[in-house]
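Just so it is clear, none of the values below were taken in a lab; they were calculated from the coordinates. Since the structure is predicted, the reported quantities are computational estimates derived from the model, not experimental observations. Neighbour counts run over all protein chains shown; Cβ positions are idealised from the backbone, glycine included.
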Amino acid sequence: KKVSVIGLGYIGLPTAAVIASRGIEVIGVDVSQKAVDTINQGKVHIVEPDLDMVVQAAVTMGKLRASMTPEPADAFMIAVPTPFKENHQPDLSYIEKAAEAIAPVLEKGNLIILESTSPVGATEKLAGWLQALRPDLYFPDQGNAEPNIHVAHCPERVLPGRVLEELVSNDRIIGGLTPKCCDKAIELYKTFVRGECIPTTARTAEMAKLTENSFRDVNIAFANELSIICDELKIDVWELIALANRHPRVNILKPGPGVGGHCIAVDPWFIVDSAPESARIIRTAREINDHKPEYVISRVKAAADEFKRPVIACLGLAFKADIDDLRESPALDITADLVESGIGEVLAVEPNIHSLPECLKDKNVRLVSLHQALEEANVLVVLVDHKPFKALTNNDINTKVVVDTRGLFSRF
Ligand code: SAJ
């Protein structure tokens, strides 16, 4: 058996490496020559705990190889990005390009799995695109009585930072275009997944993935709204949530500086786009979370106003704790905005990176150590709950004005 993984990013590469580690021949396909070369040397181009070891082992064993051109295989797994466009509409162009790339090498009996998070209907669209490119094959859901190609949507659900563990242990939703597609996909996932593989339709699988991330987004929006209400009412929101969560049926998530990453802040829009009139709480949650950085900036400006020469230390740039991923990070946006506003000197502390990202380069901001920030700053803005920041004590900060979006220093 041979498996081809299309897209060797945060999901595709770990998936390819884990399948290869089970002794199955895997060909990874990517449009980036650099990514392909790096992987073929047994190295990785993305940061994820233990991924380097697994990739190196798979390449050394000769089970994993990367290429820019697809070749025939038994199964194709598509793990390409599905971002949204300016108007919050899903951009399926990467899936369409993947379809164009694999169409020429498809053969009767192949299994095609869409792993990318997708709006409802995308798997049917994918089958339609492939059918148009390969009229000699029979795709499911295209009015064919007996399809000879199988298509399923099996959304990835792994948490960045715990990908290798969750790839194997999480349950998988297997959304086939037909029951036979489900059976074929389950057979493949069973080779490396220890969790349960649960069959359903492709549309339900698409919606399930979007629902999981929207559930988080709505719950975080509730917490973010509470944090603003509590500021108004002079209540410590962290104490409040801890107390409310003592109730056996209440489980509020944590407020923060906003919601980052490329999943939770994106996927709810796919539901809103599909059902704009009905998706009211989901849309509002997105707006509340997107507004939170502005609120934090206004709090920092008020804090800086207390000083003649404000020196503002932004603790954390990443989108969440203990990772180096700055993409779609509210912490980075807040820091960049404070730098632009010119209200004072800005220091950035991000222990997981070695140089400032492009958007902060050549600007009036310095990347400093936590120690240096504590020496120089009079305003501390806690944006990420990285481990070294959690270790700070009230003694370290009690001479500063602190805007704490992560509840590290709540006093109760
Ligand atoms: N956040 C809060 N408060 C919380 C939890 C999170 O403000 O209580 C913020 C984080 O700081 C971060 C953002 O939300 O900015 C997202 O972080 P996360 O760790 O909750 O999730 P992601 O985006 O890293 O990964 C999510 C996961 N989805 C769910 O937990 C339902 C993961 O399982 C998915 O595979 C991933 O999205 C994806 O690829 O869709």
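Taking every Cα-Cα distance in the chain and sorting them into 20 Å bins starting at zero, the pair-distance distribution P(r) comes out as 25, 50, 23, 2 percent. For the stretch 41-51, backbone phi angles converted through the Karplus equation (6.51, -1.76, 1.60; θ = phi - 60°) give residue-by-residue couplings of 8, x, 10, 10, 10, 10, 9, 7, x, 6, 4 Hz, Gly and Pro being listed as x.
Compared with the dominant principal axis of the Cα atoms in the chain, helix 179-189 is inclined by about 60°.
Here the stretch 34-161 is assigned +1 on the Cβ of each Lys and Arg and -1 on the Cβ of each Asp and Glu. Its dipole about the Cα centre then comes out at about 200 debye.
Computed log10 I(q)/I(0) for the stretch 229-289 at 0.19 Å⁻¹: -0.87, from the Debye equation with unit scatterers placed on every C-alpha and solvent omitted. Applied to the stretch 284-289, the Karplus parametrisation 6.51 cos²θ - 1.76 cosθ + 1.60 on θ = phi - 60° returns per-residue 3J(HN,Hα) values of 4, 4, 4, 5, 4, 5 Hz, with x for Gly and Pro. Antiparallel beta bridges, as assigned by DSSP with both residues in the stretch 1-158, represent about 5 percent of the total such bridges. Its residue count N sets the reference 2.2 N^0.38 Å, and the alpha-carbon radius of gyration of the stretch 1-78 equals 0.93 times that reference. Taking amide H as placed 1.01 Å from N in the peptide plane, the amide H of G176 sits under 5 Å from that of H153, C182, T200, A202, each at least 5 places away or on another chain. In a DSSP loop and with at most 11 other Cβ atoms within 10 Å, the trypsin sites (Lys or Arg not before Pro) in the stretch 328-371 are K361. In the stretch 250-336, which chymotrypsin sites (Phe, Trp or Tyr not before Pro) fall in coil by DSSP and have 16 or fewer other Cβ atoms within 10 Å? Sparse-neighbourhood loop chymotrypsin sites (Phe, Trp or Tyr not before Pro): F307. Loop-located GluC sites (Glu not before Pro) across the stretch 220-290 with a Cβ neighbour count of 16 or fewer within 10 Å are E277, with loop assigned by DSSP. In order along the stretch 115-127, phi translates into HN-Hα couplings of 9, 4, 4, 9, x, 4, x, 5, 5, 5, 4, 4, 4 Hz, rounded to whole numbers, per the Karplus curve 6.51 cos²θ - 1.76 cosθ + 1.60 with θ = phi - 60° and x for Gly and Pro.
With the gyration tensor restricted to C-alpha atoms of the stretch 212-404, the semi-axes of the equivalent ellipsoid amount to 29, 20, 15 Å, longest first. Straight-line reach from K184: taking Cα to Cα under 16 Å and skipping same-chain neighbours fewer than 8 places apart, the lysines in range are K1, K2, K108. About its Cα centre, the dipole of the chain is roughly 660 debye, where the only charges are +1 on Lys and Arg Cβ and -1 on Asp and Glu Cβ. Its Cα gyration tensor gives the stretch 2-195 an equivalent ellipsoid; the semi-axes, largest first and in whole Å, are 25, 18, 17.
Charge tally for L188 (other residues, Cβ to Cβ under 11 Å; Lys, Arg +1; Asp, Glu -1): +2. Near the amide H of I6, within less than 5 Å, lie the amide hydrogens of V29, M77, I78, A79, all on another chain or at least 5 residues away, with H placed in the peptide plane.
Considering only Cα-Cα distances, which of the following residue pairs are longer than 32 Å: K97/K390; K209/K254; K97/K387; K308/K390; K363/K390; K43/K320? Result: K97/K390; K97/K387 exceed 32 Å.
Give the percent of DSSP beta bridges with both residues in the chain that are antiparallel, rounded to the nearest 5.
Here the share of antiparallel DSSP bridges comes out near 5 percent.
Estimated purely from DSSP H runs of n ≥ 4, each contributing -39500 (n - 2.57), the mean residue ellipticity at 222 nm for the chain is -12500 deg cm²/dmol once divided by its residues.
Annotation: amide H-H contacts under 5 Å for V403 (H modelled 1.01 Å from N, sequence separation of 5 or more, or interchain): L380, V381, V382.
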